[in-house]
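**Q** For reference, the structure I am asking about is given below.
The values are calculated or read from the model by the stated rules, or taken from the named source; none is laboratory data. Please read these numbers as outputs of a predicted model, since none were measured by experiment. Every residue, glycine as well, gets a Cβ built from its backbone with ideal geometry; the counts of neighbours run over all protein chains shown. Heads up: the accessible areas ignore ligands, DNA and RNA and are worked out on the full protein's heavy atoms, side chains in. Shrake-Rupley method; radii C 1.70, N 1.55, O 1.52, S 1.80 Å.
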Amino acid sequence: MPIDHKIDTMTSFARIRPDFAAIASWIRPGTKVLDLGCGDGSLLCFLRNMRQVHGYGVEIDDENILACFNNGVNVIQSDLEAGLQSFESDSFDYVVLSQTLQAVRHTKEIIREMLRVSREGIVSFPNFGYWKNRLQIMAGRMPVSEALPYQWYDTPNIHNCTLGDFEAFCGQHSARILERRVMSGERQVAFLPNLLGVLAVYRFERRR
Amino acid sequence: MQSLDTTDIVTPQRMRFDMPLRLKSGAVLEGYDLVYETYGKLNAARSNAVLVCHALSGSHHLSGRYADDPKSMGWWHNMIGPGKSIDTRRFFVVGVNNLGGCHGSTGPASINPATGRHYGQDFPVITVEDWVQAQARLADHLGIDQFAAIAGGSLGGMQALQWTLDFPDRVRHALVIAAAAKLTAQNIAFNDVARQAILTDPDFHNGDYYLHGVIPRRGLRLARMLGHITYLSDDAMATKFGRELRNGALAFGFGVEFEIESYLRYQGDKFSDQFDANTYLLMTKALDYFDPAYLHDGNLSAALRAARAKFLVLSFTTDWRFSPERSRAIVKALLDNKLDVSYAEITSSHGHDSFLMEDCHYHKLMRAYMGSIAL
């Protein structure tokens, strides 16, 4: 589940959620965007202001639905695990799954649905291969960090993966990666990204 | 103690229309009256008007109370008023009693000027489209070119939806609550049983019971009892009444024994004292006939192509009369047309009646949505 934040300005958006800036940089102005697990609608607000997108969110949680209403964001209350039947094939320019991939149960089906309703998908997720995570596992404990702020017994993150895992997954599931941005805080990580990157953002398309 | 607060006193108004109204059926109403109430003030830009459409048994009396009757609270008083979710300090809210109604607008119990007698069975069958036309004429007279929002639950939601098709430029937001784009066979079946109860009452006299000084009370009572069952959920009924007995023991007879029987009879009696049987027949027909997709081979997305409004669609989890699935079909058709839409499925135990209930989350959603409407 996306983490709930109270957001005041555009700059604080990007600071709190470094993936927002990457996502916005990839999205062409005036396009149609679907944000799955949109939380309080802050990404859609950000994209509306930065890229003038026509956006919709999908969210299941009542409090987040209310927050979206307050943010004036289109939101459809539904369980994305049950599929995206309300959305026609190829009806969006981008479908975004921002920091939600690691928390969904039906990963394959959701990626398939993303690439049905849109030609391009964008996902961001915490990199489980980050060295501090590895270190904690080496020390014999499940990692707990800013990017993964839960204990093993209460985490919503049931499908953690590394950059390598996600790229292999795309290769096996008809998704072609177009762009990748790996972040540590607001800084981009180019060197040893699977070891030094905290957060990964990918743009991918349906393989023809 | 009686409240001394007079800020919520409201007075119904009446407007006469002498321009004939051609109805969907082909029949023509030569002239008619509409009774309405308004709350709040129309702003200088005339951009803050909200029309609230009523459902089967509602009326123009949305909120507030009448000076001579402190108990006469409007049917949506928990939603509409100063500081409430539909805030009358910000919006100019209009409630209209629909044509064919029995709360003051021209209906079957009115006198037909052509005959000098009650319309009775001569009153034409009215559709949702006809109501929208009549409401638009009222809006013309009130100086409202465009509504900031049109809202309604159930049959009222159908009117809000129809507005966006018939007058796409006159409505900026449509709030379609606990509604459906058409009735199912099961919905129509319930309506027909209700109608049969009225039509077969010996006091019905083919709709001209006014002349005989009687009302088809038994039929109307049964119709309401049946309707009431479908407005509640199984769970709500179980929680509220269970198998409780009024007198604690079985009486081995056919009188009122279970609490639910007592409740339904009370509701039926109360309703049959206040409501006109012919209006009930008309309202159920308007429900049955509503089907904007009909002219588009059942394709709702094609039917909604004319719409330009932004939409809020709400459903309630235990509403089996107009289930969430029916609302999702509306949402899908709106999405297909790339219209702005938000949809919430509200967890509630009260069945179809949930849209009238005071529910914290529901009212917060309404407040947030109404608050996001630019004036």
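**Q** Just to be sure before I move on: is A:L148 open to solvent by 40 Å² or more (accessible area, probe 1.4 Å) and under 17 Å from A:P18 (Cβ atoms) in the structure I sent?
**A** no
**Q** Related question: Just need a number here: residues in segment A:175-193 that are farther than 19 Å from A:I27 by Cβ and open to solvent by less than 30 Å² (accessible area, probe 1.4 Å).
**A** 3
**Q** Residues that are open to solvent by less than 40 Å² (accessible area, probe 1.4 Å), in a helix (DSSP H, G or I) and touching a residue at least 12 places away in the same chain (Cβ under 8 Å): does segment B:288-295 have at least one?
**A** Scanning segment B:288-295, I find at least one residue that is open to solvent by less than 40 Å² (accessible area, probe 1.4 Å), in a helix (DSSP H, G or I) and touching a residue at least 12 places away in the same chain (Cβ under 8 Å), so the answer is yes.
**Q** For B:A302, state whether it is free of Cβ contacts under 8 Å to residues at least 24 places away in the same chain, open to solvent by 50 Å² or more (accessible area, probe 1.4 Å) and of a type in the set (G, A, S).
**A** no
**Q** For segment B:38-74, enumerate the residues that are open to solvent by 10 Å² or more (accessible area, probe 1.4 Å) and part of a strand (DSSP E or B).
**A** Within segment B:38-74, B:T38, B:Y39, B:R65, B:Y66, B:D69 meet the criteria.
**Q** Oh, and also: Within segment A:111-153, take every residue that is free of Cβ contacts under 8 Å to residues at least 12 places away in the same chain and among the β-branched types (V, I, T) and give me the one that is farthest from A:A24 (Cα to Cα).
**A** Step by step, filter segment A:111-153, then rank; the result is A:I137.
**Q** Filtering segment B:349-369 down to residues that are more than 9 Å from chain A (Cβ to nearest Cβ) and more than 20 Å from the chain's Cα centre (by Cα), which residue is farthest from A:Y56 (Cα to Cα)?
**A** My answer is B:S349.
**Q** Does segment A:83-115 hold any residues that are farther than 23 Å from A:V182 by Cβ and either open to solvent by less than 20 Å² (accessible area, probe 1.4 Å) or among the acidic types (D, E) (or both), and which are they?
**A** A:G83, A:L84, A:F87, A:E88, A:D90, A:F92, A:D93, A:E109, A:E113, listed by residue number.
**Q** To continue, here is another question. Would you check which residues across segment A:116-138 are open to solvent by less than 10 Å² (accessible area, probe 1.4 Å), farther than 17 Å from A:I158 by Cβ and assigned to a helix (DSSP H, G or I) and list them?
**A** Hit for segment A:116-138 is A:V117, nothing else.
**Q** Looking for something at the interface with chain B (Cβ under 10 Å from one of its Cβ atoms) and not in a loop (DSSP other than H, G, I, E, B) - is there at least one such residue anywhere in segment A:96-109?
**A** no
**Q** A further question follows. Restricting the search to segment B:305-355, which residues are out of contact with any Leu (no Cβ under 9 Å at 6 or more places or on another chain), part of a helix (DSSP H, G or I) and either crowded, with 22+ Cβ neighbours inside 10 Å or not charged (D, E, K, R) (or both)?
**A** Those that are out of contact with any Leu (no Cβ under 9 Å at 6 or more places or on another chain), part of a helix (DSSP H, G or I) and either crowded, with 22+ Cβ neighbours inside 10 Å or not charged (D, E, K, R) (or both): B:P324, B:V331, B:L335, B:S354.
Rundown of residues vs (1) under 20 Å from B:L334 (Cα atoms); (2) polar (S, T, N, Q), yes/no style:
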| residue | (1), (2) |
| --- | --- |
| A:I60 | yes, no |
| A:F69 | yes, no |
| A:V75 | yes, no |
| A:Q85 | yes, yes |
| A:A103 | no, no |
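**Q** Within segment B:147-178, count every residue that is touching a strand residue (DSSP E or B) at 6+ places or on another chain (Cβ under 7 Å) and outside any helix (DSSP H, G or I).
**A** 15
**Q** Which pairs do you get when a residue that is more than 19 Å from B:H141 (Cβ to Cβ), found in segment B:10-34, comes within reach of a residue that is open to solvent by 60 Å² or more (accessible area, probe 1.4 Å) and assigned to a strand (DSSP E or B), reach meaning Cβ atoms under 8 angstrom, with the pair 6+ apart or on two chains?
**A** B:V28/B:R22
**Q** Are there any pairs with C-beta distances below 6 angstrom linking a residue in segment B:330-342 that is facing chain A (nearest Cβ under 9 Å) and closer than 15 Å to B:I177 by Cα to a residue that is in a helix (DSSP H, G or I) and open to solvent by less than 40 Å² (accessible area, probe 1.4 Å), with the two at least 6 apart or on different chains, and if so which?
**A** B:V341/B:V331; B:V341/B:L334
**Q** Would you confirm, using the coordinates I've provided, whether A:L44 is in a helix (DSSP H, G or I), at pLDDT 95 or above and away from chain B (no Cβ under 11 Å)?
**A** Yes; evaluated as a whole, the condition is true for this residue.
**Q** Something else now. All but one of (1) among the aromatic types (F, W, Y); (2) at the interface with another protein chain (Cβ under 9 Å from one of its Cβ atoms); (3) assigned to a helix (DSSP H, G or I) hold for A:Y56, so report the exception by its number.
**A** Evaluating A:Y56 over (1) among the aromatic types (F, W, Y); (2) at the interface with another protein chain (Cβ under 9 Å from one of its Cβ atoms); (3) assigned to a helix (DSSP H, G or I) leaves (3) as the failure.
**Q** Output the number of residues of segment A:64-85 satisfying the condition of being more than 7 Å from chain B (Cβ to nearest Cβ) and part of a loop (DSSP other than H, G, I, E, B).
**A** Going through segment A:64-85 one residue at a time, the tally reaches 7.
**Q** Right, next: Please go through (1) under 29 Å from B:I126 (Cα atoms); (2) in contact with a Phe, Trp or Tyr (Cβ under 6 Å, 6 or more places away or on another chain) for B:E259 and return the number of the only condition it doesn't satisfy.
**A** (1)
**Q** Given (1) out of contact with any Lys or Arg (no Cβ under 9 Å at 6 or more places or on another chain); (2) in a loop (DSSP other than H, G, I, E, B); (3) without any contact (Cβ under 8 Å) to a residue 24 or more places away in the chain, where does B:G83 come up short, assuming only one miss?
**A** For B:G83, the failing item is (1).
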